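The values are calculated or read from the model by the stated rules, or taken from the named source; none is laboratory data. Since the structure is predicted, the reported quantities are computational estimates derived from the model, not experimental observations. Heads up, the Cβs are rebuilt from the backbone with ideal geometry, glycines too, and the neighbour counts pull from every protein chain shown. For accessibility, only protein heavy atoms count, side chains too; no ligands or nucleic acids. Shrake-Rupley method; radii C 1.70, N 1.55, O 1.52, S 1.80 Å.
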Amino acid sequence: MPDTTPFPAAHNRRDPWQDRPDACVEYQLRTDAEADVLCRLLGLFAQLQLLPEALHMERLQDDLHISLRLPGISLHRAGVLAQKLRGLVCVWEVTWQHLDHSLVTEVA
């Protein structure tokens, strides 16, 4: 008889630098308007065991304007992730801000 034990629930990867788990980061990206861009972006997040809380995409001529929000990520990890996003060949611009209103807004 097959094993019917349920798989454990997926957990977000714990960020050891995060001292405020209720804070989140919002990224604004401008990319090429190509069919595989969202797959590349979400694939990067999947490799890092991160699940965006919100994702919005709008096509304007030859560009895609994408905003996404990640909960529970530290400033350090947000900056490293922004650099990884900039490294994708389809990405033209990345800005981000920390949405914990008790801290100064960061833009990289």
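Structure above, values below:
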| item | result |
| --- | --- |
| Members of the range 59-92 that are open to solvent by 90 Å² or more (accessible area, probe 1.4 Å) and either modelled with pLDDT of 95 or more or on the phi < 0 side of the Ramachandran plot (or both) | Arg59, Asp62, His76, Gln83, Lys84, Val89, Trp92 |
| Search result, residues across the range 58-91 that are under 14 Å from Glu26 (Cβ atoms) and not in a helix (DSSP H, G or I) | His65, Ile66, Ser67, Leu68, Arg69, Leu70, Pro71, Gly72, Ile73 |
| One residue from Arg40, Arg14, Arg30, Arg20 being modelled with pLDDT under 90 and surrounded by 12 or more Cβ atoms within 10 Å (Cβ to Cβ) | Arg20 |
